[in-house]
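Asker: Got a structure for you, written out below as C-alpha cells; questions coming shortly.
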Amino acid sequence: MTSTRPFEPKNGFVKWFDRQLPLFSVMHGALVAYPTPKNLNYWWSFGSLAGLMLGVQIITGIILAMHYTPHTAMAFASVEHIMRDVNYGWLLRYVHANGASFFFIVVYIHIFRGLYYGSYKAPRELLWMLGLVIYLLMMATAFMGYVLPWGQMSFWGATVITNLFGAIPFVGEDIRTLLWGGFSVDNPTLNRFFSLHYLLPFVIAGVAILHIWALHIPGSNNPLGIDVKGPQDQIDFHPYHTAKDAFMVSLLLLIFFAVVCFAPNYMGHPDNYIQADPLVTPPHIVPEWYYLPFYAILRSIPDKLMGVVAMFAAILILFALPWLDKSKVRSGTFRPIFKQFFWVLVIDVIALGFVGANPPEGAWLIIGRVATAYYFFHFLILLPVLSRVEKTRPLPESISQAVLAKHA
Amino acid sequence: MSTTDSTSEHHGEGVKRRDFLFIAAGGFGAVGAATVVWPLVDNLNPSADVLALSSIEVDISKVQVGQSIRVKWRGKPVFIRHRTDEEVAKAKAVDIKELKDPQTDADRTKPGHEAWLVMVGVCTHLGCIPLGEQGEFGGWFCPCHGSEYDTSGRIRKGPAPLNLEVPEYAFLNDTRVRIG
Ligand code: HEM
Ligand code: FES
C-alpha cells in the first residue's frame, strides 16, 4: 500500500536518522499515513486493543519478576509478599492477572470479527495464520504464567496439561519427562516455566510485527468485504483511527479497571490461594476461563488419545479455514445463511465454555458431546458445502458508493 | 559451442568430486549441529540430584488390614494398601477379558504378599490423585474426570487408559519395602 501522504520530516535530526535507518518513515507509514477503508466499524479497533494489552502484560510482568521467586518453597510466599508488602504490588499483580483475561477477551472478539467478515480469505490467509500463531503462543504463555504463583490450581492445572503430552504414542512419556525435568511437576518445571513465561511475550511481539506487516500489504478488510477501488474509498489512519481507537482504549480501560479495582478475583479461582500440595488433588479442577471450550472438547471424548487429538484439532482446523470456506464473498453481511450459522457457532463455543466449567456428568456430558460435534461439523462440512450452494446477496459497486448511499 | 562441450565434459568429473565434498561438508555440519542441539535439549531431562532421590524404603509394620498409607516417591504419592481378604477375593474373581488393560491380580502383587498393593497413586488419565475406597468397584475414584479403579487398582470405567502403575519395588523383609 502506497501512502497517500509522503513522509516529509522538518526536524534535522529526524531527517539525518531516517536517511540512515528509515525507522521514522516506517512508523509514519504504519500509524499516520496508513490508508484504511473508510467504512471500518468499531470491531476494527480490537487489533489495537490487543496490542495495548500485550504492552500492559509485558510492563507489569517485568516488574512482577523483580519481586517474584521461582522456587517451589518460596514462590507462593513471594506472591503473597507482592500482594501485601511491595508498594502497589497488589495493583501490579491484579492488573497482570486480569490483564491476561482481558487480552483473551479482546483477541476472541478480534478473531470472531475475522470469522464474520471473512478476513481470513485471500489475500489475507497468511495474516490470519500469523494471528493464530499469536493465539497459540498466548495460550502457552498464559498457561505457564498461571503455574508461577504455585497454588493448588497452578499445580494441578500444570499436571493435567503436561499429562496431555503423555497421550502421544511412543514418545509421549519422554516428552512429558522433558517438560517436567523430573517425574512430576516440581521445582525444575517451575523454573523452566518462569523462563519461558518471560520469553514468549517477546516472541508474541515479534509475530505481531509480522502480523501487522502482513496486514499492511493488502490493507485492512472492511465490513462490506469488498476490495478498495481507489483513494475515494479510503481515509488515513491518523487522525481518524487514532481517534476512534483512543475512544475504544478509554472504554476498555474503564471496564478493565472496574474489574481490577472492584472484582479482582472474579475470574480467578479460590483454590489458587492454597499453596500447591502434590499429594492432594482439589475436588474440582478447572482451567482458566479462556481454555474452557477446548477443555470441554477434551473431556467430551471418552478416549484419552482421541480427546487430546480433538482438542488440538479444534484449534488447528482454523489454519485450514481459508481453504474450507471457498465462498468468494467475504463479508457475512451478504451471506444470509452463513450469517445465521455464524451465530450458531458463537453460541456453540460459549456453550462449550459452560460445559468446560462443569463436571462431565449427566446433561453437561451430553451438551458437551453435541457442541463438540457441531464445532467440527461447522468447519469441516457446513462451511465447505455452504460456500458452494449459498446464494449471496448482491455486493455494492464500491465502498464509497455504499457509504454515500447509506448517508444520502 | 565447442567450449561448452569441453566444459560439460569437465563438469561430469567435477560433479562427482563436488557431490562428495557437499555431502561430506553437509554431513559434518549436521553432526556438528546435533552435538550442539543435544545438550540444549538433554539439560531439560531429570538432573542427577533428581535421579538420586528415586528410591525410598518404607516401614509397613504398622499398616493394619484395611488400612492404607501414602508415601511420596519421585514427587508423586505411592499408595500402599493392606487389603482385606474380601478385597483380594473380589480382585481375583474378575474375568480379565472384560478389562480395558488386562492384568491379573497376581501380576500386580508380589508372591507371598498378595494382601499388599503398592502402586503409584496417579490417575493414568491426566495425573490427578484418585480417592481411596470409593466408586462402583470399591477401589479408587478419580475426581477429575471420573475414572474408576477396582480393588486391584485396575481401570474399570472412565477415560483413563491404563491400570494404576505398579512401580518397581521389592519386599526387603515382611515389614520393609523398597520402592524404586
Ligand atoms: C497479540 C495479539 C494480536 C495483535 C496485537 C493483533 C493486532 C492486529 C492489528 C493492530 C490489526 C489491525 C487492526 C484491525 O484490523 O483490527 C490486526 C488485524 C488482523 N488480525 Fe490481529 N492481532 C492479534 C491477534 C490476532 C489473532 C489471534 C487473530 C486470529 C487468528 C488475528 C487475525 C487478524 C486478522 C485476520 C486481521 C485483519 C483484519 C482485517 O483487516 O479485517 N489477530 N491485528
Ligand atoms: S485425571 Fe483422573 S480421570 Fe482425568
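Asker: Look through A:Ile168, A:Ile175 and report the one residue that is in a helix (DSSP H, G or I), more than 16 Å from ligand 1 (Cβ to nearest atom) and surrounded by fewer than 21 Cβ atoms within 10 Å (Cβ to Cβ). Give the steps one after another, and end with the answer.
Answerer: Values: A:Ile168 fails: in a helix (DSSP H, G or I).
Of the residues listed, the single one that is in a helix (DSSP H, G or I), more than 16 Å from ligand 1 (Cβ to nearest atom) and surrounded by fewer than 21 Cβ atoms within 10 Å (Cβ to Cβ) is A:Ile175.
Asker: Looking at A:Trp156, is it touching a Phe, Trp or Tyr at 6+ places or on another chain (Cβ under 6 Å) and either within 16 Å of ligand 2 (Cβ to nearest atom) or within 14 Å of chain B (Cβ to nearest Cβ) (or both)?
Answerer: Values: touching a Phe, Trp or Tyr at 6+ places or on another chain (Cβ under 6 Å): no; either within 16 Å of ligand 2 (Cβ to nearest atom) or within 14 Å of chain B (Cβ to nearest Cβ) (or both): yes.
For A:Trp156, the condition - touching a Phe, Trp or Tyr at 6+ places or on another chain (Cβ under 6 Å) and either within 16 Å of ligand 2 (Cβ to nearest atom) or within 14 Å of chain B (Cβ to nearest Cβ) (or both) - is not met.
Asker: Would a scan of region A:342-355 turn up a residue that is within 14 Å of chain B (Cβ to nearest Cβ) and either touching a residue at least 12 places away in the same chain (Cβ under 8 Å) or within 16 Å of A:Arg369 (Cβ to Cβ) (or both)?
Answerer: Yes; the residues of region A:342-355 include at least one that is within 14 Å of chain B (Cβ to nearest Cβ) and either touching a residue at least 12 places away in the same chain (Cβ under 8 Å) or within 16 Å of A:Arg369 (Cβ to Cβ) (or both).
Asker: Could I ask something else about it? Here are A:Ile399, A:Ile301, A:Ile315: which of them is crowded, with 18+ Cβ neighbours inside 10 Å, in contact (Cβ under 8 Å) with a residue 12 or more places away in the chain and within 29 Å of A:Met267 (Cα to Cα)?
Answerer: Result of the check over A:Ile399, A:Ile301, A:Ile315: A:Ile301.
So that you can scan it fast, the table gives a plain yes or no per residue for (1) closer than 16 Å to A:Leu200 by Cβ; (2) away from every other protein chain (no Cβ under 14 Å); (3) assigned to a loop (DSSP other than H, G, I, E, B); (4) near ligand 1 (Cβ under 10 Å from one of its atoms):
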residue: A:Leu40; (1), (2), (3), (4): no, yes, yes, yes
residue: A:Ser45; (1), (2), (3), (4): no, yes, no, yes
residue: A:Val56; (1), (2), (3), (4): yes, yes, no, no
residue: A:Pro70; (1), (2), (3), (4): yes, yes, yes, no
residue: A:Ala73; (1), (2), (3), (4): no, no, yes, no
residue: A:Val79; (1), (2), (3), (4): no, yes, no, no
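Asker: Out of curiosity, is A:Val280 on the phi < 0 side of the Ramachandran plot and modelled with pLDDT of 95 or more?
Answerer: Details: on the phi < 0 side of the Ramachandran plot: yes; modelled with pLDDT of 95 or more: no.
Spelling it out, it is not the case that A:Val280 is on the phi < 0 side of the Ramachandran plot and modelled with pLDDT of 95 or more.
Asker: Tell me the residue from B:Asp101, B:Asp95 that is more than 15 Å from the chain's Cα centre (by Cα) and over 25 Å from A:Pro283 (Cβ atoms), please.
Answerer: Just a single option satisfies the conditions, and that option is B:Asp95.
Asker: Please go through region A:9-38 and give me each residue that is of a type in the set (A, V, I, L, M, F, W, C) and more than 16 Å from ligand 1 (Cβ to nearest atom), ordered by number.
Answerer: Scanning region A:9-38 gives A:Phe13, A:Val14, A:Trp16, A:Phe17, A:Leu21, A:Leu23, A:Phe24.
Asker: Take A:Met144 and decide whether it is at pLDDT 95 or above, under 30 Å from A:Trp43 (Cα atoms), more than 16 Å from ligand 1 (Cβ to nearest atom) and buried (at least 22 other Cβ atoms within 10 Å of the Cβ).
Answerer: Judged against the criteria, A:Met144 is a match.
Asker: Still on this model: What do you reckon, is A:Phe183 assigned to a loop (DSSP other than H, G, I, E, B) and out of contact with any helix residue (DSSP H, G or I) (no Cβ under 8 Å at 6 or more places or on another chain)?
Answerer: On the way: assigned to a loop (DSSP other than H, G, I, E, B): yes; out of contact with any helix residue (DSSP H, G or I) (no Cβ under 8 Å at 6 or more places or on another chain): no.
No.
Asker: Quick check: is even one residue across region A:97-117 over 17 Å from the mean Cα position of the chain (by Cα), surrounded by 21 or more Cβ atoms within 10 Å (Cβ to Cβ) and more than 14 Å from ligand 1 (Cβ to nearest atom)? Outline the logic, then answer.
Answerer: To start, the set of residues in region A:97-117 that are over 17 Å from the mean Cα position of the chain (by Cα) comprises A:117.
Now narrow it down to the ones that are surrounded by 21 or more Cβ atoms within 10 Å (Cβ to Cβ): A:117.
Among the residues that remain, those that are also more than 14 Å from ligand 1 (Cβ to nearest atom) are: none.
Scanning region A:97-117, I find no residue that is over 17 Å from the mean Cα position of the chain (by Cα), surrounded by 21 or more Cβ atoms within 10 Å (Cβ to Cβ) and more than 14 Å from ligand 1 (Cβ to nearest atom), so the answer is no.
Asker: Suppose the filter is within 13 Å of B:Ser152 (Cβ to Cβ), surrounded by 20 or more Cβ atoms within 10 Å (Cβ to Cβ), out of contact with any helix residue (DSSP H, G or I) (no Cβ under 6 Å at 6 or more places or on another chain) and not aromatic (Phe, Trp, Tyr); does B:Arg83 pass it?
Answerer: The answer is yes for B:Arg83.
Asker: While we're looking at this one, here's another question. Please verify whether region A:267-274 includes one or more residues that are aliphatic (A, V, I, L, M) and under 25 Å from A:Ser119 (Cβ atoms).
Answerer: Within region A:267-274, none of the residues are aliphatic (A, V, I, L, M) and under 25 Å from A:Ser119 (Cβ atoms).
Asker: Scan region B:131-150 for residues that are surrounded by 24 or more Cβ atoms within 10 Å (Cβ to Cβ) and either within 16 Å of ligand 1 (Cβ to nearest atom) or over 14 Å from A:Pro360 (Cα atoms) (or both) and jot them down.
Answerer: B:Gly139, B:Trp140, B:Tyr149
Asker: Restricted to region A:163-191, and to residues that are over 21 Å from B:Lys72 (Cα atoms) and more than 29 Å from the chain's Cα centre (by Cα), which residue is farthest from the other protein chains (Cβ to nearest Cβ)?
Answerer: A:Phe170
Asker: Quick one: what pairs do we get from region B:140-167, first residue away from chain A (no Cβ under 14 Å) and closer than 24 Å to B:Ala89 by Cβ, second near ligand 2 (Cβ under 10 Å from one of its atoms) and aliphatic (A, V, I, L, M), C-beta under 6 Å, 6+ apart or different chains?
Answerer: Short answer, once both residue conditions are applied: B:Tyr149/B:Ile155.
Asker: Give me a count of the residues in region B:42-84 that are within 9 Å of another protein chain (Cβ to nearest Cβ) and assigned to a strand (DSSP E or B).
Answerer: Of the residues in that region, 5 qualify.
Asker: Residues to consider are A:Pro218, A:Pro201; find the one that is part of a loop (DSSP other than H, G, I, E, B), more than 19 Å from A:Trp150 (Cβ to Cβ), within 11 Å of ligand 1 (Cβ to nearest atom) and in contact with a helix residue (DSSP H, G or I) (Cβ under 9 Å, 6 or more places away or on another chain).
Answerer: Result of the check over A:Pro218, A:Pro201: A:Pro218.
Asker: Moving on. How many residues does region B:101-130 hold that are within 14 Å of chain A (Cβ to nearest Cβ) and either more than 23 Å from A:Ala167 (Cβ to Cβ) or surrounded by 15 or more Cβ atoms within 10 Å (Cβ to Cβ) (or both)?
Answerer: 11
Asker: Further question: Considering only residues that are farther than 16 Å from A:Phe294 by Cα and part of a helix (DSSP H, G or I), which ones fall in region A:142-161?
Answerer: Residues satisfying the conditions are A:Met144, A:Gly145, A:Tyr146, A:Val147, A:Gln152, A:Met153, A:Ser154, A:Phe155, A:Trp156, A:Thr159.
Asker: Among the numbered criteria (1) at pLDDT 90 or above; (2) more than 24 Å from the chain's Cα centre (by Cα), which one does B:Arg70 miss?
Answerer: (2)
Asker: If we keep just the residues of region B:85-100 that are away from chain A (no Cβ under 14 Å) and charged (D, E, K, R), which is nearest to ligand 1 (Cβ to nearest atom)?
Answerer: Of everything passing the filter in region B:85-100, B:Glu98 is nearest to ligand 1 (Cβ to nearest atom).
Asker: Same structure, new question: Kindly provide the set of residues from region A:140-157 that are aromatic (Phe, Trp, Tyr) and within 13 Å of A:Asn187 (Cα to Cα), ordered by number.
Answerer: A:Trp150, A:Phe155
The values are calculated or read from the model by the stated rules, or taken from the named source; none is laboratory data. These numbers come from a predicted model, not from an experiment. All Cβ positions, even for glycine, are placed from backbone atoms using ideal geometry, and neighbour counts span all protein chains on display.
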